[in-house]
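The values are calculated or read from the model by the stated rules, or taken from the named source; none is laboratory data. Just so it is clear, the structure is predicted and the values come from calculations on it, not from any experiment. Every residue, glycine among them, receives a Cβ derived from its backbone with ideal geometry; neighbour counts consider all protein chains shown.
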């Protein structure tokens, strides 16, 4: 059976990882996975995992809105004898529905992000999702999202499946990160001669709350003794120039030795190997965080907000590192504990984290879950 996976954004790392991992699972179970994606990125990653590149469109926007691109997808469906289109967001679903007007296909949706946002677009997406969910087989990456949607749409007789996105252990393995890579990055950051523990953090420049929290946290950690004082590394984001400028103003106004605003990098794996702690203060409660799992796979301690999704991702032994949203006092206490930890205990906790992710978020564990979802596909569910 031939499957076409539709990627609508080159910036969505979770979707990219899901397509690669699911391609391997499909290939191993006698499906033939193809990928249709925007131009602008080397797609050999998908090929390594068993997918064939069917075609690349001009842009992400074209996949959703261009009639010419919809015709291209229809041509691929016909020429490759595609029976199912697998999409990874609501934009992809709308494109697949356009294709269905001309081609008899089934649709499966992997909803990797929370649609229940308070923004106008979020509310609109939530309404659209509520209307079509009874008609399409849907997977979500966390048990928390599964329970939430199953409760919300319990009267609609939905086909909903829990299928996590596995970590790519061919990339996120500290043994595969050379010393040259970490030394090069530490030199670039100016930290080679002044070593400290590094807290690597995910930036959410669009959120004023996040901006204020990270500034406040750095000021509090600046008061720690010199031998435990860390660096908090925040990477700039050229895609959010206006919000970045706002943050830079606060950064320079509250300049301290802890908070370090660095240029964008491509070697995230080396950054995680250099770091001992990964900090993720996501202002939203999302369905999943591949960033957290990648950090755990690299042996980092993870500090984040306490919610049902994060409790699912973080080993039970370390859930006291999760704080109530906005609780800076608890965050400082957690960091103080982690920064005072001796090297032996830090290595031990790193091994626990790595083994937890290896055992629970690998491709093999997801195989039966994904194939079960595919087995339920029927033409009646694709209307």
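Based on this model, can you work out whether residue 334 counts as surrounded by 14 or more Cβ atoms within 10 Å (Cβ to Cβ) and over 25 Å from residue 140 (Cα atoms)? Yes; evaluated as a whole, the condition is true for this residue.
Determine, yes or no, whether residue 225 is closer than 30 Å to residue 287 by Cα and in a loop (DSSP other than H, G, I, E, B). Even if it seems obvious, please write down each step before you answer.
Working: closer than 30 Å to residue 287 by Cα: no; in a loop (DSSP other than H, G, I, E, B): yes.
No.
Check the stretch 316-336 and report whether any residue there is farther than 27 Å from residue 216 by Cα and more than 18 Å from the chain's Cα centre (by Cα). Give the steps one after another, and end with the answer.
Let us first name the residues in the stretch 316-336 that are farther than 27 Å from residue 216 by Cα, namely 316-317.
The next check asks that each one be more than 18 Å from the chain's Cα centre (by Cα); those that pass are 316-317.
Within the stretch 316-336, one or more residues are farther than 27 Å from residue 216 by Cα and more than 18 Å from the chain's Cα centre (by Cα).
Restricting attention to the stretch 188-220, the residues that are more than 28 Å from the chain's Cα centre (by Cα) and assigned to a helix (DSSP H, G or I) add up to 2.
Pairing residues of the stretch 357-369 that are over 16 Å from residue 317 (Cβ atoms) with residues that are exposed (fewer than 12 other Cβ atoms within 10 Å of the Cβ), at Cβ distances under 9 Å and at least 6 apart in sequence or on separate chains, gives 365/359. Here residue 298 does not fit the description of being surrounded by 15 or more Cβ atoms within 10 Å (Cβ to Cβ), more than 30 Å from residue 97 (Cβ to Cβ), at pLDDT below 95 and in contact with a helix residue (DSSP H, G or I) (Cβ under 9 Å, 6 or more places away or on another chain).
Scanning the stretch 67-96 for residues that are in contact with a helix residue (DSSP H, G or I) (Cβ under 8 Å, 6 or more places away or on another chain) and over 14 Å from residue 3 (Cα atoms) yields 68, 69, 70, 89, 90, 91, 92, 93, 94, 95.
Inside the stretch 123-146, can you point out the residues that are modelled with pLDDT under 80 and in contact with a helix residue (DSSP H, G or I) (Cβ under 9 Å, 6 or more places away or on another chain)?
125, 128, 129, 130, 132, 133, 134, 135
For the stretch 147-169, check the following and say yes or no: at least one residue is surrounded by 14 or more Cβ atoms within 10 Å (Cβ to Cβ), in a helix (DSSP H, G or I) and modelled with pLDDT of 95 or more. Within the stretch 147-169, none of the residues are surrounded by 14 or more Cβ atoms within 10 Å (Cβ to Cβ), in a helix (DSSP H, G or I) and modelled with pLDDT of 95 or more. When residue 203 is tested against (1) more than 17 Å from residue 330 (Cα to Cα); (2) surrounded by fewer than 15 Cβ atoms within 10 Å (Cβ to Cβ), only condition (2) is not met.
So that you can scan it fast, the table gives a plain yes or no per residue for (1) outside the structural domain of residue 187 (by TED's automatic domain parsing); (2) touching a helix residue (DSSP H, G or I) at 6+ places or on another chain (Cβ under 9 Å); (3) surrounded by 11 or more Cβ atoms within 10 Å (Cβ to Cβ); (4) modelled with pLDDT of 95 or more:
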residue	(1), (2), (3), (4)
230	no, yes, yes, yes
237	no, yes, yes, no
242	no, no, no, no
253	no, yes, no, no
256	no, yes, yes, no
264	no, yes, no, no
273	no, yes, yes, yes
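Can you give me the number of residues within the stretch 306-344 that are touching a residue at least 24 places away in the same chain (Cβ under 8 Å) and under 17 Å from residue 232 (Cα atoms)? Residues in the stretch 306-344 being touching a residue at least 24 places away in the same chain (Cβ under 8 Å) and under 17 Å from residue 232 (Cα atoms): 9 in total.
Regarding the stretch 34-45, can at least one residue be identified that is touching a strand residue (DSSP E or B) at 6+ places or on another chain (Cβ under 6 Å), over 19 Å from residue 98 (Cβ atoms) and modelled with pLDDT of 90 or more?
So the first thing to find is which residues in the stretch 34-45 are touching a strand residue (DSSP E or B) at 6+ places or on another chain (Cβ under 6 Å), and the list is 34-39, 43.
This time we only want the ones that are over 19 Å from residue 98 (Cβ atoms), so: 39, 43.
Applying the additional criterion that residues be modelled with pLDDT of 90 or more yields none.
Scanning the stretch 34-45 turns up no residue that is touching a strand residue (DSSP E or B) at 6+ places or on another chain (Cβ under 6 Å), over 19 Å from residue 98 (Cβ atoms) and modelled with pLDDT of 90 or more.
Note on the stretch 1-47: residues that are in contact (Cβ under 8 Å) with a residue 40 or more places away in the chain and assigned to a helix (DSSP H, G or I) amount to 13.
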